[in-house]
Each structure stands twice: as C-alpha cells, then as structure tokens.
Amino acid sequence: MNTVSGTTNTLSQQGQDTLDKGASTAQSAVRSTQRAADNAFDAMSEKIDEARGQVAPMLSKVSSQAEAAARRGMDAVRDTSQQLRERAVQASDMTVAYVKDEPVKAMLIAAATGALLMGIISMMGRSRDY
C-alpha cells in the first residue's frame, strides 16, 4: 500500500503544482492586462493634454477677436448716435433761426402742416368706418 500512497502523493503534488502554475499564469495575465490598461490610459491622457494645449490658444484667439469685433460695433454705434445728435441739434438750431428770421412765414407753414395732418388723419378715420 505504500506504493499506492506514494503515487497518490505524487499525483496530489502534481495537481497542486498544476494549480499553482495556473494561478501564477492567471496572476501574470491580470498584471499584464493592468499594465496594458495603464499604458492605454496614460497614452489617452497625454493625447487629451495635447489637445487641450492646442485648443486653449485657439479659444483665446477667438475670444479676443470676438471682443475686438464687439468693441468695433459699439464704437460704430457710438459714432453714429453722436452724428445723429449733432444733426438733430443742427436742424433745431436752423429751425429756431428760420422762425426768428421769418416768423410769419413759419406760422403759415406750421398752420398748413397742421391742417394737412388733420386732413390725413380724418381721411384715415373715415376709411376705417366703412
């Protein structure tokens, strides 16, 4: 029985060795997979950082161009409104000067304009009644 016992021990030892080798191989595969995943994540992180480095200057440039365009637009509006104010003041001054120089003529023009406007308003009111 001694031989059977020795064979059983040998088979048991071989089974244990095979299991140990399988476990070692599995652990090695897990470590290898972890290293590959870590390397892939590192490469992806580098690519993201690289893309971020390229995008940041472009965003800054676009932002400064938008600010410049907004400033130009505001300046144009400011200039146009200033010109309109100056023209309104000039027209007002010319009207006052005309009324001072020709008061009777100015009154007749004002009366004629008022009568014309009243006639137009009256005609519009009648057309809506029908």
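List of remarks:
- Within straight-line cross-link reach of K61, lysines at Cα separation under 29 Å, skipping those fewer than 8 residues along the same chain: K47
- Cβ-based charge dipole, the chain, positive-most Cα from M107, Q13, A37: M107
- For the stretch 67-82 and the stretch 30-66, distance of Cα centres in Å: 39 Å
- [x] 44, 32, 22; [y] 147, 47, 12; [z] 34, 34, 27, with the label sought being that of the calculated Cα extents along the principal axes in Å: [y]
Every read-out reported here was derived from the displayed coordinates using simple, explicitly stated rules and does not represent laboratory data. Everything numeric here is computed off the predicted structure, so don't read it as measured data. As a convention, Cβ positions derive from the backbone with ideal geometry for all residues, glycine included, and neighbour counts pool all protein chains shown.
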